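Have a look at the structure below before the remarks.
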Amino acid sequence: MENTALLIKKVRQGDRAAFDELYKIYYLSLLSYATLFLSKEEAEDVVQDVFLNVWLNKERLDPSLSFRSYLLRSVYNSSLNQIKKKNYSSEYSSIYRKEIEEMGYLYFNPDANDIICQLYNKDLHKQLEHAINSLPEKCRKVFSLSYIYDVPSKEISRQLGISVSTVDNHIYTALKLLRKKLDNNKIVLLIIFLGFL
Amino acid sequence: MDETIIYKYLSQKTTPEEERELLEWINESPANKELFFEIKMIWASRHTLPRDEKEEEVLNISLEKLNNRIDQALNKRRSHVYRKIRIWASIAAVIGLGLLSYVFFYAKPDKVEHIVYTNEFADSVKTVILADGTSVWLRSNTTLTCPAAFYGGIREVEIDGEAFFDVRKDEATPFIVKTDKKLIKVLGTSFSINTRASGDLIETILMSGSVQLQRIGGESLTVLQPSQQALYSRKTKTLEINDVDANVLTSWRYGLISLSDVSIQTIVQCIEDTYNVKVSMDTVQLRNRKYNFSFKKSKGINAALKQLTFMTGCEAEVAP
């Protein structure tokens, strides 16, 4: 896979194939980020809108700045605009959910939060796969069915002959473990950096 | 608080009372807040993991859609006709809605250019993206006719054969598919139409969204719900509606053949038909079992047989 700085330089010069490559590299992680705010369909539209603008304003691309930050910020702004436009107030199941979600909109601001930029990188899916594979056996099986294959808890409980609350516990445990593992990646980076000082 | 409420919240299974509890817990400390939102991020990241080959294709389709939107946006900048319509439309908006339809009619060019897309090959799928960003997959021996650009407040196309549509949502501009016998008015959605279904039928299968079936004269036949199939008989002029697995029946568009809950004989038959070979497999002991089997045609007969062998524990080979 080509170095992204090189791809960006090519896109600036009007190279459509390089643009396609960039889209493929960033699409999944941006889509995931956008689903923090919107439904999957709306999220796809927003990611496309952002890339559409990248192409239409390609002369203004600056290869020396972080492209990833730029993309995340654009998706963030577009998503919030969508939310304002659609006035989601009526769609929350309770006022408490509304408050939690609105807290999230602030929390997930890429400029306010380093973790966003680090998590939503192009290798996110690889890191996730790796982390999932290192989960304890039973936990991993239940979690994969839910997380990757979208099987509802009731169905998992039926298939594996365990109670629904056991299923939910496995899934929650897995989420906590994944969070720790993905956090560790950051710590490793930090240590390497310190080593060079 | 039982922390698994966090997971229940993310999968939309919490009661308002539980949501209140969660909110309280989040506000208790910055550590709680961090834990909750970081787990939410991990949960949202499941979209980065494709669950099967179908989803890998989705990336390519998304890219095609994007490129079409770019082309359209670039053309709009140069097109003099679009500009004319936009100016008239804004004047009409000031004057009043009543004039709008007149204005669209007046501004419409005399000759609307039509594009005809044909897939004349017997065993391939042709993908087409229309001016508005709608994707259409054409099955073999299928023809799609549509205007070069959509005017006049509707998007109308004509189909002869079998095709799958993923219509770009535009509530202001309904999407209409014409066949020889009936019209399908679409309300932002994905569905397939087959004008040559066996028994002289026109078959419509709805995947998501909503479609309204009408006779050419305008009389409404029904409004379909997702996972429903409508079979219209040209002979009896009646409509039959069934519940189906829309995914299975429309998976051909990915070159993916998907069989659900079928016998081993059906799978073998399908492989034989797809590749035009004879398969030898001792299926006696598997006779009463049911399987799910998906394979991508382009991966070839050997891959499919290997998969079948692995799945059943019985050797499947091409017959000598």
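The values are calculated or read from the model by the stated rules, or taken from the named source; none is laboratory data. On a predicted model such as this, the values are computed, not experimentally measured, just so you know. Note that each Cβ is placed from the backbone with ideal geometry, even for glycine, and that neighbours are counted across all protein chains shown.
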ask   = Of the residues B:Asn32, B:Asn67, B:Asn75, which is farther than 30 Å from A:Tyr92 by Cβ and modelled with pLDDT of 80 or more?
value = B:Asn67
message = Among the residues that make up region B:36-47, is at least one of them touching a residue at least 24 places away in the same chain (Cβ under 8 Å), at the interface with chain A (Cβ under 8 Å from one of its Cβ atoms), out of contact with any Asp or Glu (no Cβ under 6 Å at 6 or more places or on another chain) and not aromatic (Phe, Trp, Tyr)?
response = yes
key: The listed residue being in contact with a helix residue (DSSP H, G or I) (Cβ under 7 Å, 6 or more places away or on another chain), under 19 Å from A:Asn113 (Cβ atoms) and not polar (S, T, N, Q), out of A:Ala18, A:Ala34   = A:Ala34
message = Looking at region B:1-20 only, could you name the residues that are surrounded by 17 or more Cβ atoms within 10 Å (Cβ to Cβ), farther than 24 Å from A:Tyr120 by Cβ and either aliphatic (A, V, I, L, M) or more than 7 Å from chain A (Cβ to nearest Cβ) (or both)?
response = B:Ile5, B:Thr14, B:Glu18
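Quick one: in region B:286-301, which of the residues that are within 19 Å of B:Ile264 (Cβ to Cβ) and within 23 Å of the chain's Cα centre (by Cα) is surrounded by the most Cβ atoms within 10 Å (Cβ to Cβ)? First the steps, then the outcome.
The first filter runs over region B:286-301 and keeps only residues within 19 Å of B:Ile264 (Cβ to Cβ), leaving B:286-295, B:301.
Imposing the further condition that a residue be within 23 Å of the chain's Cα centre (by Cα) reduces the set to B:292-295.
On the way: B:Asn292: 12, B:Phe293: 21, B:Ser294: 17, B:Phe295: 24.
Among those that are within 19 Å of B:Ile264 (Cβ to Cβ) and within 23 Å of the chain's Cα centre (by Cα), it is B:Phe295.
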query = Somewhere in region A:165-172, is a residue within 11 Å of another protein chain (Cβ to nearest Cβ), in a helix (DSSP H, G or I) and in contact (Cβ under 8 Å) with a residue 60 or more places away in the chain?
reply = no
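Of all the residues that make up region B:190-241, how many are not in a strand (DSSP E or B) and not hydrophobic (A, V, I, L, M, F, W, C)?
Result for region B:190-241: 16.
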key: Looking only at region B:203-235, and only at residues there that are small (Gly, Ala, Ser) and surrounded by fewer than 17 Cβ atoms within 10 Å (Cβ to Cβ), the one that is farthest from B:Glu171 (Cα to Cα)   = B:Ser233
request  = Give region B:142-178 a look and list any residue that's over 13 Å from B:Ile193 (Cα atoms), among the basic types (Lys, Arg) and over 16 Å from the mean Cα position of the chain (by Cα), or say none.
outcome  = B:Arg155
request  = Hey, can you tell me all the residues within region A:128-165 that are of a type in the set (Val, Ile, Thr) and over 14 Å from B:Lys8 (Cβ atoms)?
outcome  = A:Ile132, A:Val142, A:Ile148, A:Val151, A:Ile156, A:Ile162
query = Just checking, how many residues over region A:17-64 are within 8 Å of chain B (Cβ to nearest Cβ), free of Cβ contacts under 8 Å to residues at least 40 places away in the same chain and farther than 30 Å from A:Glu99 by Cα?
reply = 6
note = Per the list (1) over 16 Å from the mean Cα position of the chain (by Cα); (2) more than 22 Å from B:Ile26 (Cα to Cα), residue check on A:Glu99 breaks on (2)
query = Residues A:Phe108, A:Phe143, A:Phe67: which one is within 12 Å of chain B (Cβ to nearest Cβ) and farther than 24 Å from B:Asn27 by Cβ?
reply = A:Phe143
